Amino acid sequence: MRVHKWHMLIWGSLFLFTVGFVLHVYQLFYMAAAWGLLAPLSYLLTRLNLRNLELSRSLPSHAVAEERVPVGLTVNNRAGRRRFLFTLEDVLPDGLAASDDAYQVVLDLGPYERRTFYYQLVPQRRGVYRLSELKLTAPDLLGMYDFSRRLPQPQELIVYPKTIALPNLWPPTPTGAPTRTPIRRKTNQGMDLHGVREYVPGDDLRRIHWKASAHTNTLVVTEREEQHSLAATVILDLSRDVHAGEGNRSTLEYGVTLAASLLAQISRQRGTAQLIASGTHDWSVPFAAQGESETAILEALARVQADSSDSLREVLNHHRKRLSGVGPVAVITPQIGEDMLQAAATLQAWGNSVSWFSLIAPRFEPHSATSDRAEGPYHRFTESLRRRGCRAYSIRGDLSLAANLRGWQRVAG
């Protein structure tokens, strides 16, 4: 039988009382009383030690998956008595991991003193996390009890998906530059010199190219064109019945990471983007100013779930106005088959160039030994897309997205 400290206190007090009673030694009665009062006094003092303590948390509202987030925990002693030996801890939901110093030990806190402790929080995956409570714990002086208080401190942390560096996966122009839309101008404004033409009445005299006019003995004027940056659309399939895998190794998480990485690539090219992602809630984000659309799309990608009851073609038809003649379109989906070939053809018929990213669902199953034969339909589907003029890529779940890039670079090159 295990002997606990309170056993020792009880039996020790009875032993001293019995010996004192037999030997008529009154000092042993006092010792027995003191010995017996140790436990309740320790209990009471420890309970009082956690009173009049306030806790608060400070952290940013947004973060990026797998990157460290600084968090501050502030404890405030509102009483005029010192507080000794207690701990404060952040109660974290699943998906958030804390560094080793998240469990803070406070040895001494003076009357009315306020102190702030810092630790690093690491979101393991994208999402919206609701932090609810902070916890205070204090052991008694004898090490017999642990007392805890949970203080509500609700806060929300939106974790954006992590991005990876991609090769240029948007359709290039014949010169190899990123896709841009030239707009011919009839004024002296513009960015790039397009050429010259013969002067006609009504042309701005400031546009006359005097050297060329002297060479040809005919008045000629310059023509300029302005280059519009890449405006691209990312379509993420959120159909609940087609996704596979668990946690970070799932078609949904790979798709979200890829969508965020494509967005980052567009941003580096100083372009604009829109997102089509429709589930139970429509998380789609239209074109906007560069900084505004990037933030809105990242927040939408942090929240999306594979919970749509609509097929991808139904989603495309629902957003037809936003998908007609918008330029480059990237589709991310685990679905293959004739219906998806028709979806690609529809996007092309609406005046778009299509890039298609096929997530090979069998390669995301955690407990299945997938053979190369299971990938056959996906590779044939990819080849069918390429024959129809699409840029098509395959994504395997048993490889990281970075490892998948090697094959994409050969195709993109």
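Yes or no: Trp350 in contact with a Cys (Cβ under 9 Å, 6 or more places away or on another chain), hydrophobic (A, V, I, L, M, F, W, C), in the same structural domain as Ala260 (by TED's automatic domain parsing) and within 17 Å of Val234 (Cβ to Cβ)?
Values: in contact with a Cys (Cβ under 9 Å, 6 or more places away or on another chain): no; hydrophobic (A, V, I, L, M, F, W, C): yes; in the same structural domain as Ala260 (by TED's automatic domain parsing): yes; within 17 Å of Val234 (Cβ to Cβ): yes.
So Trp350 fails the test.
With the checklist (1) modelled with pLDDT of 90 or more; (2) over 22 Å from Cys390 (Cβ atoms); (3) not β-branched (Val, Ile, Thr) in hand, flag the one item Ala277 doesn't pass.
The number of the failed condition is (2).
Is it fair to say Arg268 is farther than 17 Å from Leu238 by Cβ, at pLDDT 90 or above, more than 15 Å from the chain's Cα centre (by Cα) and loosely packed, with under 14 Cβ neighbours inside 10 Å?
For Arg268, the condition - farther than 17 Å from Leu238 by Cβ, at pLDDT 90 or above, more than 15 Å from the chain's Cα centre (by Cα) and loosely packed, with under 14 Cβ neighbours inside 10 Å - is not met.
Might you let me know whether the stretch 282-299 holds any residue that is on the phi > 0 side of the Ramachandran plot, within 27 Å of the chain's Cα centre (by Cα), surrounded by fewer than 17 Cβ atoms within 10 Å (Cβ to Cβ) and assigned by TED's automatic domain parsing to the domain that holds Tyr393? Before you say what the answer is, go through the steps one by one.
To start, the set of residues in the stretch 282-299 that are on the phi > 0 side of the Ramachandran plot comprises none.
No.
Looking at (1) loosely packed, with under 14 Cβ neighbours inside 10 Å; (2) more than 24 Å from the chain's Cα centre (by Cα), which one does His319 not meet, given that it meets all the others?
(1)
Kindly list the number of the only condition in (1) buried (at least 17 other Cβ atoms within 10 Å of the Cβ); (2) in contact with a helix residue (DSSP H, G or I) (Cβ under 8 Å, 6 or more places away or on another chain) that fails for Arg313.
Of the numbered conditions (1) buried (at least 17 other Cβ atoms within 10 Å of the Cβ); (2) in contact with a helix residue (DSSP H, G or I) (Cβ under 8 Å, 6 or more places away or on another chain), the odd one out for Arg313 is (1).
Please identify the pairs in which a residue from the stretch 242-259 that is outside the structural domain of Arg363 (by TED's automatic domain parsing) has its Cβ atom under 9 Å from the Cβ atom of a residue that is assigned to a helix (DSSP H, G or I) and modelled with pLDDT of 95 or more, counting only partners at least 6 apart or on another chain.
Between residues of the stretch 242-259 that are outside the structural domain of Arg363 (by TED's automatic domain parsing) and residues that are assigned to a helix (DSSP H, G or I) and modelled with pLDDT of 95 or more, there is no close pair.
Within the stretch 230-238, can one find any residue that is farther than 21 Å from Glu66 by Cβ, surrounded by fewer than 20 Cβ atoms within 10 Å (Cβ to Cβ) and without any contact (Cβ under 8 Å) to a residue 60 or more places away in the chain?
No, the stretch 230-238 contains no residue that is farther than 21 Å from Glu66 by Cβ, surrounded by fewer than 20 Cβ atoms within 10 Å (Cβ to Cβ) and without any contact (Cβ under 8 Å) to a residue 60 or more places away in the chain.
The values are calculated or read from the model by the stated rules, or taken from the named source; none is laboratory data. For clarity, every value in this text was computed on a predicted model and none was experimentally measured. Neighbour counts are summed over all protein chains in view; Cβ atoms, including those assigned to glycine, are modelled from backbone coordinates with ideal geometry.
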